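Here is the structure we will look at, set down as structure tokens.
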Amino acid sequence: MELLNEMYKAREAGAVGTPEWNEAQEIYLKMLAPVAPHITEELWTNHLGKPYSIHQQQWPQVDEAAAKEDSIELPVQINGKVRDHITVPAEASEEAIRSAALGSETVQKYLEGKEPKKVIVANKRLVSIVV
């Protein structure tokens, strides 16, 4: 469903007819084939003009580099309540995440000039600040 939603966005952006669009169509049909074999076979041969049969095609390979996220968004809790979200590079260290959280204007507003007692970065998924 996520791929289909992204394909809708790409279609609206004018990607139809590009080599990337054609590749996305092929990948989508290959992944859909085990669930809807008859319609994917028809689309594969009649719509895309590919040789019979989609069920004899290689399963799509994942490109790990292309799938890797460049940045991540983390919620920032202050005394147990989510007060802000920060965006940091995916490979950011815990110290960089801690600095970004403490540097946020929203966080500074809730800290009211006080030093936090504890700042916890939980597996690059959450920043928790105890005042």
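The values are calculated or read from the model by the stated rules, or taken from the named source; none is laboratory data. Every value quoted in this text rests on a predicted model; they were computed, and no experiment measured them. So basically every Cβ, Gly included, is an ideal-geometry build from the backbone, and we count neighbours across all protein chains shown.
For Leu43, only one of the following conditions fails: (1) over 30 Å from Glu20 (Cβ atoms); (2) over 21 Å from the mean Cα position of the chain (by Cα); (3) of a type in the set (A, V, I, L, M). What is its number?
With (1) over 30 Å from Glu20 (Cβ atoms); (2) over 21 Å from the mean Cα position of the chain (by Cα); (3) of a type in the set (A, V, I, L, M) applied to Leu43, the lone miss is (1).
Which members of the range 91-109 meet the condition of being touching an Asp or Glu at 6+ places or on another chain (Cβ under 8 Å) and either modelled with pLDDT under 90 or among the hydroxyl-bearing types (Ser, Thr, Tyr) (or both)?
Scanning the range 91-109 gives Ser104, Thr106.
Answer yes or no as to whether Gln58 is within 30 Å of Trp21 (Cβ to Cβ) and either outside any helix (DSSP H, G or I) or of a type in the set (S, T, N, Q) (or both).
Values: within 30 Å of Trp21 (Cβ to Cβ): yes; either outside any helix (DSSP H, G or I) or of a type in the set (S, T, N, Q) (or both): yes.
So Gln58 fits the description; yes.
Pairs please, first residue from the range 57-75 and within 24 Å of Thr45 (Cα to Cα), second anywhere and of a type in the set (Val, Ile, Thr) and surrounded by 10 or more Cβ atoms within 10 Å (Cβ to Cβ), Cβ atoms under 8 Å, 6+ apart in sequence or on different chains.
Pro60/Ile27
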